[in-house]
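In what follows, a structure is listed as structure tokens, so that the remarks can point back to it.
No value in this document is a laboratory result; all are computed from the given coordinates. Since we're looking at a predicted model, the values are computed, not measured. Every residue, glycine among them, receives a Cβ derived from its backbone with ideal geometry; neighbour counts consider all protein chains shown.
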2 protein chains.
Amino acid sequence: MFKGLSAFPLTPLLNDDIDEGAFIRLLQRLAAAKVNSLGVLGSTGSYAYLSREQRKRVTAIAKAHAGDIPVMTSIGAVSTAEVLRLAEDAQSAGADALLLPVMSYQPLTDDEVYSLYEDVSAHVSVPICVYDNPRCTHFSFSGSLLSRVAALPQISAIKMPGAPTDAGTIADRVRSMRTRVPERVALGVSADVFAADGLNAGCDVWFSVCGGLFPRTAMAIAEAAARHDQQQVAVLSERLTPLWALFTQHGGGIRVMAAAAALLGLVSPECLPRPLKALSRDDVARVAAVIREAGLE
Amino acid sequence: MFKGLSAFPLTPLLNDDIDEGAFIRLLQRLAAAKVNSLGVLGSTGSYAYLSREQRKRVTAIAKAHAGDIPVMTSIGAVSTAEVLRLAEDAQSAGADALLLPVMSYQPLTDDEVYSLYEDVSAHVSVPICVYDNPRCTHFSFSGSLLSRVAALPQISAIKMPGAPTDAGTIADRVRSMRTRVPERVALGVSADVFAADGLNAGCDVWFSVCGGLFPRTAMAIAEAAARHDQQQVAVLSERLTPLWALFTQHGGGIRVMAAAAALLGLVSPECLPRPLKALSRDDVARVAAVIREAGLE
């Protein structure tokens, strides 16, 4: 399942609970576009803000509306005990893969992080994707720790973070990572602004925030990458530069995607979990302009 | 309740659940030393790793064994909805005050953080202590945000973080903070290595990790501060330098206090929530030496 476009939708809320109707509208849009896989309850899917019961329900709804598209779901939590409970829940709700970030509170040692993946990989029967997201989790993997973790059973993919750097450096990093992890482990790029460079450098999959709402736009890039049409990947991504700029301006994609989904009439304007706030009216107008000008769909 | 020594005990675990017997032993030790208040479920009390049900139980146990010592309990969580549920639980379990950190996942804006405190202060009937802990929460308060938050109803204290700096700078910071917040708001120092400088600079209360296990040692410092015996505060704290060095070496106090509590026979050696690990045998031996040499009690 770790190839092409993995679309990461919002989990829209209404009065602090899941807005099921809105979530189903987002899922139907992704299913219609035939994305390669779904990543529900990613960072953009607000996993960190939802209760255990809500998270199980989100996975079940996604499975019910994904057709034959495989569904990955995040099982991140601060304590290993809770991660294991979430893994049970996710598997019983039908998740095809588990996304495991290193949520931290006390700063963690490498041995502690390794033990988390070791404990989880010993307890689950579906593939695990290692979620390396220092921006939100405040844990940074070293290359050697990623190598150790990737060698564990069930580890099938790595969701690599973006970094403000040039295409050559990204290509070097992907090449270096490829030598460090088993062949069976897929490499994925996240942080959409780096997707083009990551795909052109040989990443197997794009874990995409933009693709969670604008699947046709993102699929065009993923399909160009599958054809090894590097120039087209770059051209299509270049068109989205104003969107990436909004992501940077607003501390990541979640607030921008929430505004965009509301503009499309798919979710309520206040669909984010408190304390996250909706963008201001002026900022929403800018999002509307970018959707229009970049032809996002 | 925000004066003198506020002792922050561990919440000892056994097989991923609360070790009630061990927790009661810690509470009895603090009650016998007549600490001024208890701060259960602080960072050292592992609030971030425990379920809602476990947290309610910890507060109830603390109230049952604290005698007439007031109990503050942390209600930190990533989502405002969960914070409000935890606040209800804590109040119904008898908490005398609520400790509210800014746990973050998506990086937060100042307005989002203000709205968190605004929502909580409108819903609770007991005092709130603002917990400023960038090391674990990854949110840093600006002075102006702290001023806005401190002006809200129910805000009664600020738990200030330590910073690697000299006594003069700490004194300047306390003086500056005093001018920024209402008179009714107590200022407290945390990060034990800075306690002496903070108390000598006029902080009202010491929120103490060391005091959660070695209350007599910490009370001697707090009592010297209450007598304005600045020299004695400095001398007593200076004796604890090897303990502060262990805190720094092991990423904070929690792993060191867990080892120390096990050495005293109060808790199981594996009392921390996974993925946190117990210190190695060599490191435990060093903790034992420091307890002996510094005469911790």
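Of all beta-carbon atoms in chain A, the one sitting closest to the axis that brings chain A onto chain B gives A:His138, 3, with the distance in whole angstrom. Restriction of the GluC sites (Glu not before Pro) in segment B:95-196 to DSSP coil positions whose beta-carbon has at most 13 other beta-carbons within 10 angstrom yields B:Glu183.
Toward the positive end of the charge dipole of segment B:184-258, about the Cα centre and with charges on Cβ (Lys, Arg +1; Asp, Glu -1), which of B:Pro215, B:Gln231, B:Leu199 goes farthest? Of the candidates, B:Pro215 comes out farthest on the positive side. Within the same chain, lysines fewer than 8 places from A:Lys3 are excluded, and of the rest, those with a Cα less than 28 Å from its Cα are A:Lys34, A:Lys56, A:Lys63, A:Lys159. For the protein assembly as shown, state what percent of all Cα-Cα pairs lands in each successive 10 Å bin, counting from 0 Å until the bin that includes the largest distance. Per 10 Å bin, starting at zero, the Cα-Cα P(r) for the protein assembly as shown comes out as 3, 17, 26, 24, 17, 10, 2, 0 percent. Computed from backbone phi, the HN-Hα couplings of segment A:240-254 come to 8, 3, x, 5, 4, 5, 5, 4, 5, 4, 10, x, x, x, 5 Hz, rounded to whole numbers (Karplus: 6.51 cos²θ - 1.76 cosθ + 1.60, θ = phi - 60°; Gly and Pro given as x). Taking every residue in A:37-47 and counting other chain Cβ atoms within 10 Å of its Cβ, the average works out to 1. For segment B:177-278, the set of chymotrypsin sites (Phe, Trp or Tyr not before Pro) satisfying both a DSSP loop assignment and a count of at most 10 other C-beta atoms within 10 Å is empty. The phi-based Karplus calculation (6.51 cos²θ - 1.76 cosθ + 1.60; θ = phi - 60°) puts the 3J(HN,Hα) values of segment A:263-271 at 4, 7, x, 8, 9, 6, x, 9, 9 Hz, whole numbers, x for Gly and Pro.
Amide H contacts for B:Asn133 (H built 1.01 Å from N in the peptide plane; partners 5 or more residues away or on another chain; cut-off under 5 Å): B:Val102. Note on segment B:155-178 and segment A:179-204: Cα centroid distance 45 Å, given to the nearest whole angstrom. For segment B:283-297 versus segment B:1-68, the inter-centroid distance based on Cα atoms is 23 Å. The equivalent ellipsoid of segment B:18-114 has semi-axes of 26, 13, 12 Å, largest first, where each one is the square root of 5 times an eigenvalue of the Cα gyration tensor. From the Kirkwood radius over Cα pairs of chain B, Stokes-Einstein at 20 °C and 1.002 mPa s returns a whole-number translational diffusion coefficient of 113 µm²/s.
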